[in-house]
Each structure stands twice: as structure tokens, then as C-alpha cells.
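Colleague: Would you mind keeping the following structure in view while I ask a few things?
The values are calculated or read from the model by the stated rules, or taken from the named source; none is laboratory data. Every value quoted in this text rests on a predicted model; they were computed, and no experiment measured them. Positions of Cβ are generated from backbone atoms using ideal geometry, with glycine treated the same way; all protein chains shown enter the neighbour counts. All accessible areas refer to the heavy atoms of the entire protein, side chains included, with ligands and DNA or RNA removed. Shrake-Rupley method; radii C 1.70, N 1.55, O 1.52, S 1.80 Å.
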Amino acid sequence: MPTTLDTSAPAKDRFLSAFEMSNGQALNGKNASISSHREAAIQRFAELGVPTNKLEAWKYTDISKIVDREYTLPLSMNVPDVDASDLDDVLIEDLDAHRVVTVNGRVHNGLSDIGTLPDGVVVSSLADAGANHPDIVEAHYGKYADFEDEAMTALNTAFVQDGLFVYVPSGTAVEKPIYAVHLTVSDADVMIQPRHLFVVEDGGIATIIEMQHTLTDARVFTNTVREAYVGARGNLDHYIGQVESDASSQVQTTAAYHEDNSVFSTNTITLSGEMVRNNLTITPDGEFCESNLYGLYLGKDQMHVDNQTLVDHVHADCVSNELYKNVLNDASKGVFNGKVFVRPDSQRINAYQSNKSIVLSNEANMYTKPELEIYADDVQCSHGATSGQLDEEGIFYLRSRGLSEKRARILMLQAFAQDIVDEIRVDALREHMTHRLRERFASYFDRSE
Amino acid sequence: MALLEVKNLHVSVEDEDIEILKGVDLTLDTGEVHAIMGPNGSGKSTLAAVLAGREEYVVTQGEILYDGEDLLELEAEERAEKGVFLAFQYPVELPGVSMTNFLREAVNAVREARGEEELGAGDFLKLVRERAKLVDLSADLTKRSVNEGFSGGEKKRNEIFQLAMLEPRLAILDETDSGLDIDALRQVSDGVNKLRSDDRGFLVITHYQRLLDYIVPDHVHVMVDGRVVRSGDKNLAVQLEEKGYEWVREEAAAAA
């Protein structure tokens, strides 16, 4: 039975009592290492409570007002029906991929079309992986997403049931992208807590695309935790498309850890949602690692999107590139807090960080805080943040050659977003996103005419 | 009816009470090249900006007729569609805006306004190659972002190349010669000379007489302090070069 959170009690107590009721039953699971974290996690959550904007890290994003709603917590194994036609509507055209569909955080085998994977590669539910590959889960689960200071990660860890599991064995290349279609389906307001685990062993190569959709008008709150491990000389190319409904909110925490000579790249494109908080922590723990972080947020209406990133350079001789761009229209809000941490012995680090925003309306706001903390002396680091309006001189130039003002503005916005789109190395995804961006930019000016 | 008639044009900067143009009169017809010369701050570039439709200027008196139509009623893009072209003094760099995509859109917007067929991709590229040759612009530059990483000379040649692509009836060149080396000056002038025709008029704004050695004008106007104080043929430019702007300035002061 789903548990409905009773809003007469304070938010924290609701989760604690839901945990009491469900632990050992709905939350039993098949894997000892997943279960073993629950108690410590719920205890830590009890101490931390739901984050409020009194905390520096949540200053501009009051997630408590989103958490404090009467959600259903679907803790049973039952997954609502989804029509194949509903799925077809959201699929990316011409994307040749190993498709895995999750519904409310659980892998749905009937809608998935994983196809033939290279030997040893696993794409499955985390629940199945707990039973079938307990050693891999034990080695990596809960190792990167630390819940000590993150209440929402603690909450997720306490309630983990399922999510996506990807395993790429040593020296194996997965040629086609692994394409995760995350669907949330519910008649009532619902809160789900997916937990994903990606393990790419040394020399493994994979591309993972995750698209997040909601197939309901009900209010949805998703608290996702994702852990990614990339072994030495491995390469994981990761994309997230946040294209949920306007009534959807989420906290999404990604913790990536990678070793010598490996590359981890992640690109998050956020086009909708009521309130979205993305926490991204990357730890390149080996020499000659390359970490790439890209993000694009196109704000409209009352959207509120907060990207918090941390690159923790714990090892020397690594490179990190970070570029986040925002376009804010209407009364949308954007928050960017990017931190690059260079530890005392981490010499010869090249770390670049940039956050650029275009604010199109007087009601829109962008809060940006780039932070470099450098304790090594032989490093090259730069950071920069700009917020401004479209270049009116450029718009006049285009108009003076016959382009309408609307076309000129759309072209300028496309140009602004282009370097994030150019970082998408999967052709079908790049075209899909280009099309979505074009639609969004056009909508900015259609409404105001 | 002349192509362009500027009558008693008074222009101020928006939000400021500073009058820049104080009653400019000018008539220009197709087939003609008019040069406007004048010292810094005389209002030459303001005249070009107002003709092209920049919004930061306010016309307080007078009128501009283009083909008998009130030009001031038209938006910048409508002027472009009707055949007004301004070659910028400082062409704008637009990182991420593809030269080819932008230009194809511009050419087709103008063609549509003229009631012509849209150019297909093949015909468009053919036209690009042909017109790029007019100003010795490498067709490779058209594959880049608009003006991004172009040298000063390349930017100015790119302006004339776009002029050649859009085939305007009134082409305004705002100090296109400034900052050019002698080779680029020749390339730009050659391009303009090849584009002179009976159904096109040029308004060439320049600080120096040297450009007019290459682009020989039919008429020369001297602007001082927001007014055309003297008009003549190409010999006026030579006189001006010899005697300096003080000569016309004093004459204007004496007449006032």
C-alpha cells in the first residue's frame, strides 16, 4: 500500500514515521548492503531535518515548502500502467540506443528495449542488481554519495527501493548509448526517491542519457541520488534532460568518483519544473583525470532552478572544465553555486569554471556564486560569472540586414546556448535538444507579442 | 522623385537635450555616389544611424523620404527589406551565430519582400562564392560565426560582401575606410565600384579624401556641426584636403 504523508505533523516527523511503518516490510529489499545503510541514514536525517533556507547551501532555494506537501509515497512494488503510446510521445527520434524505462523510479521491463549488450555489461534495476551482483553493489553503493551533511541524500538512502543500475566491465566499450527514460505517473501528488548506480570499470567506455518526464498533472517531487564510478582509463559520458511538467520539483544529487587517466563528463539541460535543485559532486581521485561539467537552464514562468557543483581535486595533475549557462525569462529564478576545491598536494591542476546568464525580464533573477578554494601553489584555475541582457548592438546588426526583431533575438539566444549543445556528442540527442531549445526561445517572444 | 530626400532633419539623442543634427538637407538618386565628409562630431555617423533605423535617436523636426515614402515610419528590418543597407563603422562580432545561416535568412527575407523566390541551399552557396570574390573574401570565412575572429579588414570586406548579397537600392557606407591598410582599402573600393549601378545609390561617409581617390563620387557634401555647409563635385574633396576643415568651418561661421 502506498503511504500518504500526513501534513498535520512536521515534515521531518512524517518521514520518520513512514520509515518506522515500512522498514523491514516495504523497505526490506534483497541486498544486505543497501539495507545496512538505512538505519544510519534515517538517524542522520532525523538530526539534520528537511533543509531550510537558513542553511547557506539552501539560501536561495526553499525546498521545505516543496517537501511540505501531502504526497503519496509509493512504497509497494506495484507500478502504474503506462501506455506504450504515452512512451512513444516522449521518445527521442532516431536515437539508436539500449533503452531502459523507469516508472516512478522502478525499472519497467515491458516498456524497456535494452537489446543486446556487450558481454558482461549489465543494464538492470538496482533491486535486481542487489540480488544478482551483490559484490558490485557492495563495492560501490553508498560509497560516493555521502549523507553526513546532506539531509536529502540521507532521506533517499533511508528509503531506497530501486533505480537504474549500469555496469560496464573492464576494457569493454558500449557503442550505443544507454538511454534511460524516467517516467513519473500518478493520479495523486507523489514523492519518489530513485537511486541510480553506474559502475564503469577500468578501460570501460559508456554513454548514458537520462531523460526525466512526468506523465501527470499532479504535483511530483523526486528526490534522486545517483552514484557514478569510473575506473582508470575509463570514460563515462553522461547527459540529463530535465523536461518534466511545470508541477514537478526535484532534488537530484549526483556523486561521481573517477580514477587515473579517466574522463567523466556530465551535461544537465533543464527546461522545466517548478523547483529543481541539482547537486553535483565530482571527485577525480587519480592522476591525469579529466572532469567536464556542463549545464544549461532555460527559465520561464515561475521556474526556480538551482545548480550546486563541487569539483574536489584531491589528486594532482588533473583537468576540470565547467560551463553553466542560464537564460531567464518571465519571473524565473536561477541559482548557481560552483565550487572548485584544490587540496594541498594537488599540484598542476587546471581548473576552469564559468557561469553565464542572460536575464530577459525585470522579474527574473539570477544568483551566482563561483568559488575557488586552492591550497596548492602550482595550479592554473580561473572562474568567471557574467549576467546580462542580450547584446542590443548585435540585435540591431541582424535587424539592419532584414531579420525581424524576434528572429534576431532567437538567433542570439541560440548562439548563446550553442556551446553547451555542441558538447552533446550523441547526434540524435543534440538534434532533439536543439529542437526543444528553438521551441523554447520562440515561445519567449510569441507570448509577449 | 529622388531615391532619398532628407529635409531639414533635426535629431537629438534619446533622453538628452543635445541636438546632433541641426537641419540637414540632402537629395540622392539612384546611379549616384554621394560622399559626406566632415570632422569628428559633425554628425556624419548620426545621419547614417538615423537612416538605418537606430532607435536611440529622436527626430525632432524634418523628414526623410525614401522612394517618396516616410522612412522614419519603418522599423530597421523593414528598411532593409525595402533596400536600405548600412555598412557598419564597427561591424558587430556575433559568436555562435553562423555567418551562412544568418545571411541566408537575411537574403531570403529581402527576396521575399521583393516578391522573389526563396533561394535554395545550392543557389545560395553559388551566390556566396560569386559575391565573396568581389571583395576577395575567402569563402571559408562565411563558414564561421559572424565577424568572430575576423581582422579589421576582413570585417569591412564582410560588410561589402553582405551589401553584394543583399543588393540594396540605397547603400550607406559609414567610415568603411577607417583602420584599413592599403590592400584592404583597394579591395573594399574595388568591391564598391563593381557594385555601382544605375538602380543603386551610395552614401559614402568618410573622414578622409583618400577613399574618394578610389571611389570617385558624383557629389561631395561637407558636414560641420550638424549641418551640410557646403556641397560640390569631387573637386570639393580635393580642396578640403588642401585647406582643411577650418576653411569650411570659418566660412560657415561667417555665413551664420
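Colleague: I'm trying to understand the selection: among the residues of the stretch A:195-240, which are among the charged types (D, E, K, R) and either touching a Gly at 6+ places or on another chain (Cβ under 6 Å) or not assigned by TED's automatic domain parsing to the domain that holds A:PHE264 (or both)?
Modeller: Within the stretch A:195-240, the subset among the charged types (D, E, K, R) is A:195, A:201-202, A:210, A:217, A:219, A:226-227, A:233, A:237.
Once the filter is applied, which keeps residues that are among the charged types (D, E, K, R) and either touching a Gly at 6+ places or on another chain (Cβ under 6 Å) or not assigned by TED's automatic domain parsing to the domain that holds A:PHE264 (or both), the stretch A:195-240 yields A:ARG195, A:GLU201, A:ASP202, A:ARG233.
Colleague: Within the stretch A:56-83, track down each residue that is closer than 20 Å to A:ASN365 by Cα, in a loop (DSSP other than H, G, I, E, B) and among the hydrophobic types (A, V, I, L, M, F, W, C).
Modeller: A:ILE63
Colleague: For the stretch A:273-291, does any single residue satisfy the condition of being under 23 Å from A:PHE416 (Cα atoms), outside the structural domain of A:ALA417 (by TED's automatic domain parsing) and open to solvent by 40 Å² or more (accessible area, probe 1.4 Å)?
Modeller: Checking the stretch A:273-291: not a single residue is under 23 Å from A:PHE416 (Cα atoms), outside the structural domain of A:ALA417 (by TED's automatic domain parsing) and open to solvent by 40 Å² or more (accessible area, probe 1.4 Å).
Colleague: Where in the stretch A:87-169 are the helices (runs of 4 or more DSSP H), entirely inside, with at least 1 residues that are touching a Lys or Arg at 6+ places or on another chain (Cβ under 8 Å), open to solvent by less than 10 Å² (accessible area, probe 1.4 Å) and farther than 28 Å from A:ALA232 by Cβ? Step through it out loud before you land on a result.
Modeller: Numbers: elements: A:126-132, A:134-140, A:151-159.
Here the list reads A:151-159.
Colleague: Quick check, is B:TYR57 more than 7 Å from chain A (Cβ to nearest Cβ), closer than 30 Å to B:VAL229 by Cβ and touching a Lys or Arg at 6+ places or on another chain (Cβ under 8 Å)? Working first, answer last.
Modeller: Working: more than 7 Å from chain A (Cβ to nearest Cβ): yes; closer than 30 Å to B:VAL229 by Cβ: yes; touching a Lys or Arg at 6+ places or on another chain (Cβ under 8 Å): no.
Considered against the rule, which asks whether it is more than 7 Å from chain A (Cβ to nearest Cβ), closer than 30 Å to B:VAL229 by Cβ and touching a Lys or Arg at 6+ places or on another chain (Cβ under 8 Å), B:TYR57 comes out as no.
Colleague: Among the numbered criteria (1) open to solvent by 10 Å² or more (accessible area, probe 1.4 Å); (2) touching a residue at least 40 places away in the same chain (Cβ under 8 Å), which single criterion is violated by B:GLU69?
Modeller: So B:GLU69 meets the others, but not (2).
Colleague: Which condition number in (1) closer than 30 Å to A:SER85 by Cβ; (2) free of Cβ contacts under 8 Å to residues at least 60 places away in the same chain is the one that A:ARG233 fails?
Modeller: For A:ARG233, the failing item is (1).
Colleague: Now a separate question. Give the stretch A:23-78 a look and list any residue that's of a type in the set (D, E, K, R) and farther than 19 Å from A:MET275 by Cβ, or say none.
Modeller: Initially, the stretch A:23-78 is screened for residues of a type in the set (D, E, K, R), giving A:30, A:38-39, A:44, A:47, A:54, A:56, A:59, A:62, A:65, A:68-70.
Result: A:LYS30, A:ARG38, A:GLU39, A:ARG44, A:GLU47.
Colleague: Given the stretch A:323-441, what strands (runs of 3 or more DSSP E) lie entirely inside it while holding 3 or more residues that are in contact with a strand residue (DSSP E or B) (Cβ under 7 Å, 6 or more places away or on another chain), away from chain B (no Cβ under 14 Å) and under 17 Å from A:ASN267 (Cα atoms)? Walk me through how you get there before you give the answer.
Modeller: Values: elements: A:333-342, A:350-359, A:365-374, A:380-388.
Here the list reads A:333-342, A:350-359.
Colleague: A follow-up question, please. Can we say A:GLU210 is open to solvent by 10 Å² or more (accessible area, probe 1.4 Å) and within 25 Å of A:PHE147 (Cα to Cα)? Break it down stepwise before answering.
Modeller: Values: open to solvent by 10 Å² or more (accessible area, probe 1.4 Å): no; within 25 Å of A:PHE147 (Cα to Cα): yes.
The answer is no for A:GLU210.
Colleague: Can you pull out every residue in the stretch B:21-43 that is at pLDDT 95 or above and open to solvent by 10 Å² or more (accessible area, probe 1.4 Å)?
Modeller: B:LYS22, B:GLY23, B:ASP25, B:THR27, B:ASP29, B:THR30, B:GLY31, B:GLU32
Colleague: For the stretch B:133-149, enumerate the residues that are touching a helix residue (DSSP H, G or I) at 6+ places or on another chain (Cβ under 8 Å), on the phi > 0 side of the Ramachandran plot and not acidic (Asp, Glu). Can you show your working first?
Modeller: Residues of the stretch B:133-149 that are touching a helix residue (DSSP H, G or I) at 6+ places or on another chain (Cβ under 8 Å), as a first pass: B:134-139, B:141-147.
Of the ones still in play, those that are also on the phi > 0 side of the Ramachandran plot are B:136, B:147.
Passing the criteria: only B:ASN147.
Colleague: Hey, any hits in the stretch B:141-149 for a residue that's closer than 22 Å to B:GLU118 by Cα, more than 18 Å from the chain's Cα centre (by Cα) and part of a helix (DSSP H, G or I)?
Modeller: yes
Colleague: When you check B:LYS156 against the structure, is it in a helix (DSSP H, G or I), among the basic types (Lys, Arg) and open to solvent by less than 30 Å² (accessible area, probe 1.4 Å), yes or no? Break it down stepwise before answering.
Modeller: Numbers: in a helix (DSSP H, G or I): yes; among the basic types (Lys, Arg): yes; open to solvent by less than 30 Å² (accessible area, probe 1.4 Å): yes.
Considered against the rule, which asks whether it is in a helix (DSSP H, G or I), among the basic types (Lys, Arg) and open to solvent by less than 30 Å² (accessible area, probe 1.4 Å), B:LYS156 comes out as yes.
Colleague: Scan the stretch A:393-416 and tell me whether some residue there is within 26 Å of A:VAL311 (Cα to Cα), open to solvent by 30 Å² or more (accessible area, probe 1.4 Å) and without any contact (Cβ under 8 Å) to a residue 40 or more places away in the chain.
Modeller: no
Colleague: Can you name the number of the only condition in (1) assigned to a helix (DSSP H, G or I); (2) more than 11 Å from chain A (Cβ to nearest Cβ); (3) charged (D, E, K, R) that B:ASP136 fails?
Modeller: (1)
Colleague: Write out, first by first residue and then by second, each pair whose Cβ atoms fall under 6 Å of each other, whose residues are 6+ apart or on separate chains, and whose first residue, in the stretch A:345-366, is under 17 Å from A:ASN307 (Cα atoms) while the second is exposed (fewer than 15 other Cβ atoms within 10 Å of the Cβ).
Modeller: Cβ pairs passing all conditions: A:TYR352/A:SER382; A:SER354/A:GLY384; A:LYS356/A:THR386.
For every residue, the table says whether it meets (1) touching a Phe, Trp or Tyr at 6+ places or on another chain (Cβ under 9 Å); (2) open to solvent by 40 Å² or more (accessible area, probe 1.4 Å); (3) within 8 Å of chain A (Cβ to nearest Cβ).
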position	(1), (2), (3)
B:ALA76	yes, no, yes
B:ALA80	no, no, yes
B:GLY83	yes, no, no
B:PRO95	yes, yes, yes
B:GLU105	no, yes, yes
B:ASN108	yes, no, no
B:ARG111	no, yes, no
B:ARG114	no, yes, no
B:ALA121	no, yes, no
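Colleague: Which residue, of B:GLU63, B:GLU56, B:GLU93, is closer than 16 Å to A:LEU398 by Cβ and of a type in the set (D, E, K, R)?
Modeller: Working: B:GLU63 fails: closer than 16 Å to A:LEU398 by Cβ; B:GLU56 fails: closer than 16 Å to A:LEU398 by Cβ.
Answer to the selection: B:GLU93.
Colleague: Could you tell me whether B:GLY62 is open to solvent by 20 Å² or more (accessible area, probe 1.4 Å) and either at pLDDT below 95 or of a type in the set (Gly, Ala, Ser) (or both)? It would help to see each step written out before you state the result.
Modeller: Details: open to solvent by 20 Å² or more (accessible area, probe 1.4 Å): yes; either at pLDDT below 95 or of a type in the set (Gly, Ala, Ser) (or both): yes.
So B:GLY62 passes the test.
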